[in-house]
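The values are calculated or read from the model by the stated rules, or taken from the named source; none is laboratory data. Just so it is clear, the structure is predicted and the values come from calculations on it, not from any experiment. Note that we place each Cβ from the backbone using ideal geometry, even for glycine, and neighbour counts take in every protein chain shown. Side chains included, ligands, DNA and RNA excluded: accessible areas come from the protein's heavy atoms. Shrake-Rupley method; radii C 1.70, N 1.55, O 1.52, S 1.80 Å.
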Amino acid sequence: MVRPDEPSGRATSARFLGIVAVVVLPLLLVSALALRGDGTSSAPGSGAQSSGMNTTDARAVADPEAVRAAAAAAALFRQQQAVTTQDERAFAATFASTPRARDLAEEIFANLTRMPLSSYSLRYVGEVSGGARWTADVQARWALAGYDQRPVAVELRATFVRRGEVAKLVDLSAPGAGRTPEWLLGRLDVRRVGAALLLSAQPEGSDEIASLTRRAVRDVRRVLGRWPGTVVVVLPRTTEGLEQLLGASAGSHDSIAAVTSAADGTSDATTPVRVLLNPPIFTALGRTGARVVLAHEATHAATGAGTRDLPLWLVEGFADYVALARAPVPVEVAAGQALSRVRREGSPTGLPSDGDFSTAAHRLGVSYESAWLACRLIAQQNGEDALVRFY
């Protein structure tokens, strides 16, 4: 289901969340201190050298929060440079020496350097709690070359610690209900599947998902024609991982097989899109069911469904039409619930409303099947190309 304010309860639903993180660079970073390449800082124009005041003395009278901010910003900048040059040692040097921090540095660096990045940055935003070990908000921005028209931007919560005059990163995660970047899911298996990209936190399941992705792209192309197949499919390890990617509450996606979502929750025409899978539900569908679900979600991604002002019966019915057009699924099976209702209550008097696709809606399955039957009827009477043009 493509609805910014409400997730769907159906396995083949899709969702775009309209949450925009507004991030402002603190004035202290542009006015209080000048950064040196070694991560230390001095007050610009303070006359420390001419007056005999050394750097330590100047720093002692500076705002402690500004000093922490400058040190952390310098560490993040060095980290960005290390990703650009693919210097794993320099990247690891921006993290603390604890086991957790070392493992985190190793995982993030491996993911970022395997992904086809066109840009990556972490920008210090502002302190949340102070002290020798402090937390701060940082803005993460990254883009996948060939897939993202613009960078994804999300706000993360970072924990820093001072090591002499240098700040080290201890932890990095999404704050509260924030969205977790795919490169923070743990070590990823990154694969090109034709023009598609698979980011899998389950290497043991990557072969099967890659095969299904290849088939789903072919199914969508047969209806849409010139779509290049540039879809990004993400397989987390657990349902919790899916909810972290969406910034969703625990348990909210227990019955969802797959979701098509903006990577940063926005809904403009250039928003980077990901097809996110829910491992326990998706893998339980069987190969044909998984193929249909993945083609349904790929259709949403291919058509920018989350940015279109269309009735949901058309959005969901068209996605099901594309997914089922070449799949070996009899009508009696694909529309079983809708046909049973017709036998009991007679023919429907209208198309499903947008409200019929909400999680709390009664007979949600009937709404999806009825929407598919409506699109199928349009194609039968006017031709498939006419349905595509209508959509």
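Examine segment 212-235 for a residue that is open to solvent by less than 10 Å² (accessible area, probe 1.4 Å), under 12 Å from the mean Cα position of the chain (by Cα), among the hydrophobic types (A, V, I, L, M, F, W, C) and farther than 30 Å from F390 by Cβ, and state whether such a residue exists. Within segment 212-235, one or more residues are open to solvent by less than 10 Å² (accessible area, probe 1.4 Å), under 12 Å from the mean Cα position of the chain (by Cα), among the hydrophobic types (A, V, I, L, M, F, W, C) and farther than 30 Å from F390 by Cβ.
For segment 92-108, indicate whether the set of residues that are touching a residue at least 60 places away in the same chain (Cβ under 8 Å) and within 20 Å of P151 (Cα to Cα) is non-empty. Checked against the condition, which is being touching a residue at least 60 places away in the same chain (Cβ under 8 Å) and within 20 Å of P151 (Cα to Cα), segment 92-108 yields at least one hit. Within segment 355-374, the set of residues being part of a helix (DSSP H, G or I) and under 18 Å from H296 (Cα atoms) comprises F357, L364, G365, V366, S367, Y368, E369, S370, A371, W372, L373, A374. Pairs are defined by a Cβ separation below 7 Å, a sequence spacing of at least 6 or placement on different chains, a first member in segment 184-209 that is open to solvent by 40 Å² or more (accessible area, probe 1.4 Å), and a second member that is of a type in the set (K, R); the pairs so defined are G194/R214. Tell me, yes or no, whether segment 240-249 has at least one residue that is assigned to a loop (DSSP other than H, G, I, E, B), of a type in the set (D, E, K, R) and at negative phi. No, because not a single residue in segment 240-249 is assigned to a loop (DSSP other than H, G, I, E, B), of a type in the set (D, E, K, R) and at negative phi.
Determine, yes or no, whether G365 is open to solvent by less than 10 Å² (accessible area, probe 1.4 Å), farther than 23 Å from G265 by Cα and either out of contact with any Asp or Glu (no Cβ under 8 Å at 6 or more places or on another chain) or not hydrophobic (A, V, I, L, M, F, W, C) (or both).
So G365 does not fit the description; no.
Within segment 375-389, the residues that satisfy the criterion of being open to solvent by 20 Å² or more (accessible area, probe 1.4 Å) and either in contact (Cβ under 8 Å) with a residue 24 or more places away in the chain or part of a loop (DSSP other than H, G, I, E, B) (or both) are R376, G383, E384, V388. P175 passes every criterion in (1) surrounded by fewer than 19 Cβ atoms within 10 Å (Cβ to Cβ); (2) at pLDDT 95 or above apart from (2).
Among the residues examined, R162 qualifies as over 24 Å from M115 (Cα atoms), open to solvent by 50 Å² or more (accessible area, probe 1.4 Å), among the charged types (D, E, K, R) and in contact (Cβ under 8 Å) with a residue 40 or more places away in the chain. The set of residues in segment 332-341 that are among the hydrophobic types (A, V, I, L, M, F, W, C) and either in contact (Cβ under 8 Å) with a residue 40 or more places away in the chain or in contact with an Asp or Glu (Cβ under 8 Å, 6 or more places away or on another chain) (or both) comprises A334, A335, A338, L339. Hey, any hits in segment 230-239 for a residue that's aliphatic (A, V, I, L, M) and part of a helix (DSSP H, G or I)? No, segment 230-239 contains no residue that is aliphatic (A, V, I, L, M) and part of a helix (DSSP H, G or I).
What are the residues in segment 179-205 that are among the small types (G, A, S) and either part of a strand (DSSP E or B) or farther than 22 Å from L117 by Cα (or both), if any? Of everything in segment 179-205, those that are among the small types (G, A, S) and either part of a strand (DSSP E or B) or farther than 22 Å from L117 by Cα (or both) turn out to be A196, S200, G205.
Just one of A72, A90 is aliphatic (A, V, I, L, M), part of a helix (DSSP H, G or I) and more than 26 Å from the chain's Cα centre (by Cα); which is it? If you could, list the steps in order and put the result at the bottom.
Working: A72 fails: more than 26 Å from the chain's Cα centre (by Cα).
The conditions single out A90.
Right, R141: open to solvent by less than 30 Å² (accessible area, probe 1.4 Å), of a type in the set (K, R) and under 20 Å from the mean Cα position of the chain (by Cα) or not? In short, no.
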